[in-house]
Amino acid sequence: MLGNEPDLAAITAELGTRFEILSNTYKPFPCGIVIHPVIDGCIALSAGYQAHEERVKHIELRVNPLVLELTGRRNPQTTSEAKLSVYHSAAAALIFGHVTEQEYRNELLCDAHVTRLSDRIDAVASALVREDEAIVTLELTDGRSLRHHVEHAVGSEQRPMSDSDIEQKFRGLAEPCLSASRISEIIRACWNMDTLEDAGAPIRLAAAQPA
């Protein structure tokens with residue numbers, strides 16, 4: 001509308017048949033989105049190999065140049081900095097096999113296992129790698145090399161999160177405040193929103209419980 005050549009017809013084009021909300025995606029990890037392909041690859045490798053830092057000699061991350069431009073922090077000192085550090089995020093993903101808010105808490109920033117593994121990571125920028133793509137390679141102390149190519153990160157339009165993925169993310173966010181049974185209640189209420197007599201029920205269920 002405000003551009004030099006506005007396309008006013010786009011406002012009503014396919015009205016009632018095309019819904020932009022269906023193109024929405026969800027972030028699986030609580031960090032800079034350019035790191036997501038790396039985390040995705042590290043979790044995939046962690047699922048098949050327990051990446052204790054004493055077993056890993058070197059890690060190479062082949063990434064889009066934006067990754068280093070936006071998240072090339074080597075030694076994050078705060079949670080906010082860690083969420084914009086591809087090195088911390090990759091190390092945490094390899095060690096724990098997942099990345100939630102818990103992997104960015106302050107005490108984990110100086111965890112010896114995480115920092116030692118992070119120091120062995122080299123991120124290599126390549127314009128040939130898309131923003132939602134990454135190649136993660138582990139060189140192990142026993143001489144083996146493990147590689148995982150993420151063509152499209154989970155959470156992208158090409159690889160949307162599943163219902164189970166979304167539930168798992170919600171559980172991770174809600175666990176510090178709510179009991180497991182309450183979390184399950186909220187999830188059931190949300191999935192059955194179209195049949196609820198009171199649309200405010202999930203909101204009331206989500207009220208923080210007293211300690």
* Asked: Yes or no: Val129 crowded, with 16+ Cβ neighbours inside 10 Å, closer than 16 Å to Ile43 by Cα and touching a residue at least 40 places away in the same chain (Cβ under 8 Å)?
  -> no
* State yes or no: is Val150 at pLDDT 95 or above, touching a helix residue (DSSP H, G or I) at 6+ places or on another chain (Cβ under 6 Å) and closer than 27 Å to Ser80 by Cα? => yes
* Would you confirm whether any residue within the stretch 7-30 is surrounded by 21 or more Cβ atoms within 10 Å (Cβ to Cβ), among the aliphatic types (A, V, I, L, M) and not in a loop (DSSP other than H, G, I, E, B)? => no
* Among the residues of the stretch 153-165, count how many are more than 21 Å from Cys42 (Cβ to Cβ) and either part of a helix (DSSP H, G or I) or hydrophobic (A, V, I, L, M, F, W, C) (or both). => 1
* Structure fact -> Ala44: passes all of (1) under 16 Å from the mean Cα position of the chain (by Cα); (2) at pLDDT 95 or above; (3) over 16 Å from Arg120 (Cβ atoms) but (2)
* Could you say which residue among Pro28, Pro37 is touching a residue at least 12 places away in the same chain (Cβ under 8 Å) and outside the structural domain of Ser118 (by TED's automatic domain parsing)? -> Pro28
* Which members of the stretch 137-162 meet the condition of being more than 15 Å from Val38 (Cβ to Cβ) and of a type in the set (A, V, I, L, M, F, W, C)? -> Leu140, Met161
* To do: Select from the stretch 58-101 the residues that are surrounded by fewer than 20 Cβ atoms within 10 Å (Cβ to Cβ), touching a Pro at 6+ places or on another chain (Cβ under 8 Å) and either β-branched (Val, Ile, Thr) or not in a loop (DSSP other than H, G, I, E, B) (or both) and list them in ascending order.
  => Thr100, Glu101
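The values are calculated or read from the model by the stated rules, or taken from the named source; none is laboratory data. Note that this is a predicted model, so its numbers are computed, not measured. Counting neighbours? That spans all protein chains shown, and the Cβs are built from the backbone with ideal geometry, glycine included.
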